[in-house]
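Heads up, the thing below is written out as structure tokens.
The values are calculated or read from the model by the stated rules, or taken from the named source; none is laboratory data. Note that the coordinates shown come from a computational prediction; the quantities given were computed from them, not determined experimentally. Note: ideal-geometry Cβ built from the backbone for every residue, glycine included; neighbour counts use all protein chains shown.
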Amino acid sequence: MTLRPQIGVLALQGDVREHLQALTAAGVDAVGVRRPGELAAVDGLVIPGGESTTIVKLARIFDLLEPLRDRVADGLPVYGSCAGMILLADRVDAGGSPIEATIGGIDMTVRRNAFGRQVDSFEEDLDIAGIEGEPVRAVFIRAPWVHEVGPAATAIGHVSRGEHAGRIVAVRQANLLATSFHPELTGDGRIHAYFSEMVRQRA
Ligand code: GLN
């Protein structure tokens, strides 16, 4: 793999510009992806937060849903944040808001809007396995949590305190990475740097 890979940001909805900036700061070529031809050209992909049902609908309209599933199955490194995490889940828990279809790839069950309506958004410092130094400031916005991970996936971050302490909010499975939170909003580039390294190291 080249030292300067090209990483796409699925540009249907969400914090596309912030992700592009964070990836550029991590030293990769960052491009928006809206067409199957653009998806075919990238070495890695970020799926931003937004509304997962809307992103699935738009992906279908833009003829991206099947190509996304195919590229994930082929081992493309993909990082999903928040709604992007939901799209990478193999299973969505019936205890949260339903969604009719996802991309899948990570052996986990996610619960949409899991933290409840009273606390739509909150921030917390988390330890993430594989991220050195200070804890990561995690911003949660109507976030999912990971209800359970199957044997193929590894939980790498948990809520550390409060009533939801212990809930899984970051997961890694081979070339796939997912977080419930939005690292593009804090100016801390370590999650994007970690993902860029996954892309560089792709076997
Ligand atoms: N609540 C959204 C969903 O279920 C995710 C929110 C987000 O991405 N910030 O799709």
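Summary table below
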item	result
Residue among Asp120, Asp188, Asp125 that is within 22 Å of Ile55 (Cα to Cα) and either over 14 Å from the mean Cα position of the chain (by Cα) or of a type in the set (Val, Ile, Thr) (or both)	Asp120
Residue that is of a type outside the set (A, V, I, L, M, F, W, C), modelled with pLDDT of 95 or more and assigned to a loop (DSSP other than H, G, I, E, B), where the choices are Gly133, Gly96, Gly157, Gly162	Gly133
In region 34-89, residue farthest from Glu148 (Cα to Cα) [restricted to those that are assigned to a loop (DSSP other than H, G, I, E, B) and acidic (Asp, Glu)]	Asp63
Residue selected from region 35-86 under the condition closer than 20 Å to Leu185 by Cβ and free of Cβ contacts under 8 Å to residues at least 40 places away in the same chain, by the criterion surrounded by the fewest Cβ atoms within 10 Å (Cβ to Cβ)	Glu51
Filter pass, Phe195 being in contact with a Phe, Trp or Tyr (Cβ under 9 Å, 6 or more places away or on another chain), of a type in the set (Phe, Trp, Tyr) and in a strand (DSSP E or B)	no
